[in-house]
Amino acid sequence: MSEEGPSASAPLVVLTGVSGSGKTTALHALEDIGFYTVDNLPPALWLALVEGMPAEAKGLCVSIDIRTRAFIEEAPAALAELERLGHRPTLLFLDASDEVLVKRYNFTRRAHPVAAGTLSADLAAERRVLQPLRELADDVIDTTTTSARELTQLLWDRFAEGRGLLLRLVSFGFKRGIPTDVDTVLDVRGMPNPFYDEALRPLPGTDTDVQRHVFSPEALELYHQMRMLVRSLAYLAESGGRSHYSVAVGCTGGQHRSVAVVERLSHDLAGAYRTQVQHRDLSAALREHVVGADE
């Protein structure tokens, strides 16, 4: 059995910030690096979690935000206790401008966790509650002009050890032939096809409207299983001493679904591996103007 308690070198991150600033992206990034992550754990339980972690853990991240409003006032004391016992927590606070946060909420159509008035008033109320944690933060990360991929890379650069395995991700169209220079081929032709929407048909899989169509609620379960598979394959390759691993993702023509999936895999796995993206057939697919050609 492994010795309990994280090693002295294993980072301990407490993550917080305003809603819509990227906490979910940050948690996923740290998880892919190898952190054990817990979302919205009450501060009274932080010490027990830290002391119960296995010694070989790469790191631990606990998050707290406005959804557990009743516990937020306990967080400063919990942080002080961790520091007193020598655990050296790093408090990261994610923030963004109100203008950008409002745009993000309007884009996702989610309700703010406070939901007590207008969105602007809810954000103001949230900031007041979180202000004590912002003042204690070791680092405030402003994501106003930072994409999800850039935030992932920032955390990877800060907390990942070494450069790691190069994960090459290739999108392609089955009608143009299967790549022969890859380790694994995945078929995403079962996912929703933007080709049948006339407004989406001419657009690439890098377009946000196309991605929203491809990643329907029903298709997300398939994507999550695919992501876990790719992550496991890359892990086994790295454990076996390989410096690179290639995964090809195919749809019919290589314009919509495969491109969208490769882009998302690159974003989601960038925290664990160096990712390299190639859209093999995208240019050819966009040049096609034959009516009825699939994607």
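Sorting 239, 63 from the fewest to the most surrounding beta carbons within 10 angstrom yields 239, 63. Taking other residues whose beta carbon is less than 14 angstrom from the beta carbon of residue 216, and scoring Lys, Arg as +1 and Asp, Glu as -1, yields -1. Would you mind finding the longest exposed-site-free stretch of the chain, with exposed trypsin sites (Lys or Arg not before Pro) meaning DSSP loop and at most 12 other Cβ atoms within 10 Å? Here the longest run is 164-295. Helical content alone sets the calculated 222 nm signal of the chain at -12500 deg cm²/dmol, taking -39,500 (n - 2.57) per DSSP H segment of four or more residues and averaging over every residue.
Seen from every direction in turn and averaged, the convex hull around the alpha carbons of the chain projects onto 17.2 nm². Within the shell of other residues whose beta carbon sits under 10 angstrom from the beta carbon of residue 270, the net charge comes to -1, with Lys and Arg scored +1 and Asp and Glu -1. Among 187, 268, a tally of other beta-carbon atoms within 10 Å of each Cβ gives an order, fewest to most, of 187, 268.
Springs between Cα atoms under 10 Å define the GNM used for the chain, and in it the highest mean-square fluctuation of 130, 30, 229 occurs at 229. Residues 61, 251, arranged from fewest to most other Cβ atoms within 10 angstrom of their Cβ, appear as 61, 251. Orientation-averaged projection of segment 12-159 equals 8.4 nm² [convex hull of Cα atoms, one quarter of hull surface area]. Annotation for segment 46-96: GluC sites (Glu not before Pro) lying in DSSP loop with at most 11 further Cβ atoms inside 10 Å of their Cβ are 56.
Per-residue extension of 0.36 nm, minus the Cα-Cα distance of residue 218 and residue 232, leaves a gain of 2.8 nm for this segment. Helix 98-108 and the longest principal axis of the Cα set of the chain meet at an angle near 50°. Figure legend: label point modelled 7 angstrom from the Cα of residue 142 along Cα→Cβ; residues of segment 78-96 with amide N under 12 Å from it are 95-96. Using only Cα coordinates, the Kirkwood hydrodynamic radius of segment 166-287 works out to 14.3 Å.
Residues considered: 66, 178, 33. Largest GNM mean-square fluctuation over the chain, using C-alpha springs under 10 Å, is found at 178. Local charge for residue 28 was computed over the other residues whose Cβ lies under 12 Å away, with Lys and Arg +1 and Asp and Glu -1, and equals +1. Working from Cα pairs under 8 Å separated by at least six residues, relative contact order for the chain is 22 percent. Model label sites at residue 55 and residue 83, defined 7 Å from Cα along the beta-carbon direction, differ in position by 2.8 nm.
We did not get these values from a lab; they are worked out from the coordinates using the rules stated. Please read all numbers here as calculations on a predicted model, not as lab measurements. Counting neighbours? That spans all protein chains shown, and the Cβs are built from the backbone with ideal geometry, glycine included.
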